[in-house]
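Engineer: Just dropping this structure here.
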Amino acid sequence: MAAGLAVTAAALAVSSPQAAERTHPPAAPAPRERGPARPAALVSAPVRIADAETVRLLKPGDRVDVIASPNSASAGGDQARVVATGARVTEVPGARGTSSDAGALVVLAVPRDAARALVGAGTTSRLAVTLC
């Protein structure tokens with residue numbers, strides 16, 4: 001009988017969960033399926049558009065492309081280029097006693113890289129928008 005108990009104890013020890021982990025470590029969890037990549041975080045970019053009348057046509061929620069056209073002083077044969085596409089208008093602040101020759105401000109929601117490009121283009125070019 002002692003031998004039977006010893007065999008039973010050995011069989012139980014081998015079949016216990018702790019013994020299974022010692023002989024076969026748990027499998028690594030299956031990698032989760034990745035969903036679509038998250039869009040880049042958006043930032044608010046205040047942009048001065050050269051034509052104030054065009055800005056008056058905009059309202060929050062509109063989508064615009066921003067085009068940079070070189071200032072006449074830096075023209076040197078450069079052509080207009082698209083700086084941002086599909087930017088969402090978040091705010092159209094009212095004019096504060098500035099002349100329409102100074103353009104008008106619009107706030108756009110764009111990825112951080114596009115905001116940097118807009119700031120750079122705004123220092124050397126006249127900016128315009130087209131509605132998408």
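Engineer: I want to confirm something. Restricting to region 119-132 and keeping residues that are among the hydrophobic types (A, V, I, L, M, F, W, C) and either without any contact (Cβ under 8 Å) to a residue 12 or more places away in the chain or more than 16 Å from Q79 (Cα to Cα) (or both), which single residue is surrounded by the most Cβ atoms within 10 Å (Cβ to Cβ)?
Structural biologist: Filtering first and then ranking leaves V119.
Engineer: State which residue is modelled with the highest pLDDT when the search covers only region 51-91 and only residues that are in a loop (DSSP other than H, G, I, E, B), more than 18 Å from A41 (Cα to Cα) and small (G, A, S).
Structural biologist: Only one residue tops the list, namely A80.
Engineer: If you scan region 39-50, which residues turn out to be farther than 14 Å from L105 by Cβ, outside any strand (DSSP E or B) and of a type in the set (A, V, I, L, M, F, W, C)?
Structural biologist: Residues satisfying the conditions are A40, A41.
The values are calculated or read from the model by the stated rules, or taken from the named source; none is laboratory data. Only a predicted model underlies this, so the values are computations on that prediction, with no experimental measurement involved. Positions of Cβ are backbone-derived with ideal geometry, glycine not excepted, and every protein chain shown enters the neighbour counts.
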